[in-house]
1. Is the stretch 186-201 home to any residue that is in contact with a Leu (Cβ under 7 Å, 6 or more places away or on another chain), over 23 Å from Ala245 (Cβ atoms) and at pLDDT below 85?
2. Among the listed residues Gly174, Gly194, which satisfies the condition of being in the same structural domain as Ala247 (by TED's automatic domain parsing) and within 29 Å of the chain's Cα centre (by Cα)?
3. Under 8 Å by Cβ, and 6 or more places apart or on different chains, what pairs join a residue from the stretch 207-234 that is over 19 Å from Thr256 (Cβ atoms) with one that is part of a strand (DSSP E or B) and aromatic (Phe, Trp, Tyr)?
4. Restricting attention to the stretch 236-259, which residues are at pLDDT 95 or above and in contact with a Pro (Cβ under 9 Å, 6 or more places away or on another chain)?
5. Restricting to strands (runs of 3 or more DSSP E) lying wholly in the stretch 110-182: which have 1 or more residues that are loosely packed, with under 15 Cβ neighbours inside 10 Å?
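The values are calculated or read from the model by the stated rules, or taken from the named source; none is laboratory data. Treat the numbers as computed from the prediction; the structure is a model and nothing was measured. Reconstructed Cβ throughout: ideal geometry from the backbone, glycine too, with neighbour counts over all protein chains shown.
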Amino acid sequence: MNRLNSIALLAGGALVAVAATGCASSAAKPAASGPAATSSSAASGAPSTAASSAPGGASSSGAAGGSTSAPAGGSTTAPAAASSSAGGTSGGTGVNGGAVPSAPPVSHAACGNANVNVSLAPAVSGQKSSVFVIAVKNTGATCTLGPIPYVWITKSPTDASDQTRPLIPSVDAGKKNVILSGTTLYAAIDMLPGALATTTGSYGDLAVTANPTPNTSGKDVQDVVLPASTAEGNAMLGVYALTPASAISQIQYATTPEK
């Protein structure tokens, strides 16, 4: 090979090398854009990762799906469980919001007159001399009394001549008072609420039936002897109350003849 051919061959090799170098340089550019694509993918995947670790067990399939399902799952399930629990413990509301029937009220038998002791309660401060308070004590089991005792005003336990009846409040005879075992209810009577000119006779006894029935007259009577005979004029009897003072305050409502 002569010298000229050698030079030409060397020059061609250099061109091939330069061309090869240029190809490698241009091929590296897409590789440089690779991290940018990876970085973009990580940014879009970040909400998905956070959503997958959020309470409620959200799916990591996408940011939108994760953020939507997590609050929905949490906010729907928790109140439902709380509502069910509240219904069970309170007994007022069922799981589906329906009312739960409450237990029926405890009913008690009517008091037998043999189990209630009738007496005269001691006078309280400021009590008029014409006012007397009937005390009815339950010596038996808890039971019910009518709203008012049945009272005849007589001269004595053995003298029923000129007996009379007091006025009473207009009350529902079907209404019942529960009286616990060993406790006392009180009913007050004013023998002389009006003027002295209205008085008739002189009375010293109250014939009391503590728990009257429609056919009470003459039955289950207990005599309450007054400390001294007293005049009577349009006597007024109040309903049962828890204390003597409360019983006295009920006298004012007695406007109806007792039958």
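1. Step one: list which residues in the stretch 186-201 are in contact with a Leu (Cβ under 7 Å, 6 or more places away or on another chain), which gives 187, 189, 199.
Applying the additional criterion that residues be over 23 Å from Ala245 (Cβ atoms) yields 199.
Going one step further and asking which of them are at pLDDT below 85, we end up with 199.
Checked against the condition, which is being in contact with a Leu (Cβ under 7 Å, 6 or more places away or on another chain), over 23 Å from Ala245 (Cβ atoms) and at pLDDT below 85, the stretch 186-201 yields at least one hit.
2. On the way: Gly194 fails: within 29 Å of the chain's Cα centre (by Cα).
Unique residue meeting the criteria: Gly174.
3. Pairs found: Ala207/Trp152; Val221/Trp152; Val224/Phe132; Leu226/Phe132; Leu226/Tyr203; Ser229/Tyr203; Thr230/Tyr203; Ala231/Tyr203.
4. Initially, the stretch 236-259 is screened for residues at pLDDT 95 or above, giving 236-254.
Selection gives Met236, Leu237, Gly238, Val239, Tyr240, Pro244, Gln250, Ile251, Gln252, Tyr253, Ala254.
5. Working: elements: 116-120, 131-138, 143-145, 150-154, 177-179.
Those strands (runs of 3 or more DSSP E) span 116-120.
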